[in-house]
Amino acid sequence: MLRYVLVNAAHNVVKNNSTFKAYYDAKMAEGRTHYNALGHCAGKLVRVIWKMMTDNIEFNFE
């Protein structure tokens, strides 16, 4: 269930954030499938969320 939520969140972040879109495009250029690339983006999203929570910083949408 958590994986499903994270992949859906990653999909929305990829659509709305240029940094995550570039990361997704790089993974697709490596020959990965759509859901595999989203899985990598979900992992990156988890690392970003962890950093935001531990250092008490806001997400930069740029």
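Packing order of peptides 7-14, 47-54, highest average first: 7-14, 47-54 (average count of other Cβ atoms within 10 Å over each peptide's residues). Model label points for residue 4 and residue 40, set 7 angstrom from Cα along the Cα-to-Cβ axis, are 2.6 nm apart. Along segment 2-15 the Karplus relation, 6.51 cos²θ - 1.76 cosθ + 1.60 evaluated at θ = phi - 60°, assigns HN-Hα couplings of 5, 4, 4, 5, 5, 5, 5, 5, 4, 4, 5, 5, 4, 6 Hz to successive residues, with x for each Gly and Pro. In order along segment 29-36, phi translates into HN-Hα couplings of 5, 6, x, 7, 7, 4, 6, 5 Hz, rounded to whole numbers, per the Karplus curve 6.51 cos²θ - 1.76 cosθ + 1.60 with θ = phi - 60° and x for Gly and Pro. Each residue of segment 22-28 was assigned a 3J(HN,Hα) from its phi angle through the Karplus expression (A = 6.51, B = -1.76, C = 1.60, θ = phi - 60°), giving 5, 5, 4, 4, 5, 5, 5 Hz with x at Gly and Pro.
With each run of n ≥ 4 DSSP H residues scored as -39500 (n - 2.57), what mean residue ellipticity at 222 nm is computed for the chain after dividing by its residue count and rounding to the nearest 500 deg cm²/dmol? Taken over the chain, the calculation gives -26500 deg cm²/dmol. You can think of it this way: the chain between residue 53 and residue 15 has 11.4 nm of extra reach, that is 0.36 nm per residue less the Cα-Cα gap. Each Cα pair under 8 Å and six or more residues apart adds its sequence gap; the mean of these over the residue count of the chain is a relative contact order of 35 percent.
Coordinate-derived values only; no laboratory data. Nothing here was measured: the structure is a model prediction, and the numbers come from that model. Using ideal geometry, Cβ is built from the backbone for each residue, glycine included, and neighbour counts are taken over all protein chains shown.
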